[in-house]
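A short worksheet on the structure shown next.
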Amino acid sequence: MRKIVLFFAFFAMTAIAITSCSNDLNLVDEQSAEVLSLTDGDSDVIATTGTRSVEVPSCLNPCRDVQEVRLLAGQHHEAGKVYVVNNKENLYVAYETSGDWKMKAIHLFVGACDKLPVNKPGNLVPGQFPIKIEFGELQTYHYFEIPLDELPEGCLCIAAHAEVVKVVEGKVVQSETAFGEGEKVGKNWFMKFDYCIAICEDVPPVELCYNDETAWAAGPRYVEKGNWATYTPYVANTPINVFAGQHYLVGTVTFSEVVDGKVTITLAALNGARLQDVAESVKIQGYDAPPPSSNPAPGQFKTYKGSATTVTVDAYPYYGIHLDAQRVVDCAE
C-alpha cells in the first residue's frame, strides 16, 4: 500500500511545528498552512490545510493503512488521487493531481452519510460542502487535518470534489469537475466514498536496558599493549566514531573549523546509547604535537570535564575524548 503524501505539521491558528517528527521529513515545495474553523451544523469543520508533501512519518502513528481512491475528472479522466488515513487524534484527507492536471479549488465533505449536502433530486451540491478552498495559483497537492472529536464515530461518507484544469505548455486546454471515485449520489455522476475510522491499539512502551561502559572517540591507541584507550587527530567537519567497550558503536564526535583559536566539539548518540547520569560523563584533553604515547588518566583531563554534548575548547592537533556511556543491551528475562 502506498503511503499517503502529507506534510504533518500541526498548526494552531498560526503554526506549531512538529519537533518530534522533523528529522523524519523529506520536504518538498514548502508553502503555508491555515486553519479552517468548524463546529456542528452548517459551519466549517476545524481542519488544518497545507501544501507541502512528505511520506507519513512513523511518529504520526497512523492507525491503519492509507485508503486511496482515484480523482476522476469529468467522470472518465484520472486526474490524480485522494488519500485518507487517521491516527488517534486526527483524520487526514489529501488531494494530489497527476499528469497535466492541476487544481483551482477544492470542496470537501467528511461526516455522517445522512448529512451529505444534496438538492431536491438528491444530487450532491459541492458549493454547500463545509470545507472550501479556492487557490490563488493552480496547485497539484493539498491536504486537510480534521480532529476526530469533530466527526461521528465509525464509518463516514467523504465527498471529495475539486475544480481541475489540464495545462499543456502553459495553457489551460480543459476544465473539469472532479470527484474522489466511489458510489454515485443522485442522478448525476457526482460521487462519495466510505471511510471507516480505525481504532488505534495502545502499544506498550518498549523496555530498554543499558550497560555502563567506558567509551573513546576513535583513533590511534595511546599505547600499543594493555589499555585500549584511543586519541583522535583533529579533522574538521568529519564525524568520528565513538566506541564503548572497544567494540560497540555508541555515537560520533565532530570538530568544527578553528575560529579564533577555538574548536567546537559536538557529540551525537547512535544505537540508542546515552551518557551516564553522572556529573562528569564527558572528559576531554587536548594535546600538542607530538601525539600522546602513555596511558591516559581521564580523571585528570583538564581541557573539559562535564556533561555537555556541545563544548567549545582551545584548538589542539590531538584530543582524547572519554565518555561514561550507556549502551542498549538485551534485558534479562
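The values are calculated or read from the model by the stated rules, or taken from the named source; none is laboratory data. None of these values were measured; they are calculated from a predicted model. Ideal geometry is used to build each Cβ from the backbone, glycine not excepted, and the neighbour counts take in all protein chains shown.
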- Task: Report yes if residue 106 is in a strand (DSSP E or B), free of Cβ contacts under 8 Å to residues at least 60 places away in the same chain and buried (at least 20 other Cβ atoms within 10 Å of the Cβ), otherwise no.
- Result: yes
- Query: Of all the residues that make up the range 133-143, how many are of a type outside the set (A, V, I, L, M) and without any contact (Cβ under 8 Å) to a residue 40 or more places away in the chain?
  - Reply: 4
- Note on the structure: Filtering the range 175-189 down to residues that are surrounded by 15 or more Cβ atoms within 10 Å (Cβ to Cβ) and assigned to a strand (DSSP E or B) yields 176, 177, 178, 179, 180
- Go through the residues of the range 248-268 one by one and say whether even a single one is in contact with an Asp or Glu (Cβ under 9 Å, 6 or more places away or on another chain) and touching a residue at least 60 places away in the same chain (Cβ under 8 Å). yes
- The one condition in (1) of a type in the set (A, V, I, L, M); (2) free of Cβ contacts under 8 Å to residues at least 40 places away in the same chain; (3) part of a loop (DSSP other than H, G, I, E, B); (4) closer than 19 Å to residue 244 by Cα that residue 289 fails to fulfil: (4)
- Task: Report whether or not residue 160 is at pLDDT 95 or above, touching a Gly at 6+ places or on another chain (Cβ under 8 Å) and in a strand (DSSP E or B).
- Result: yes
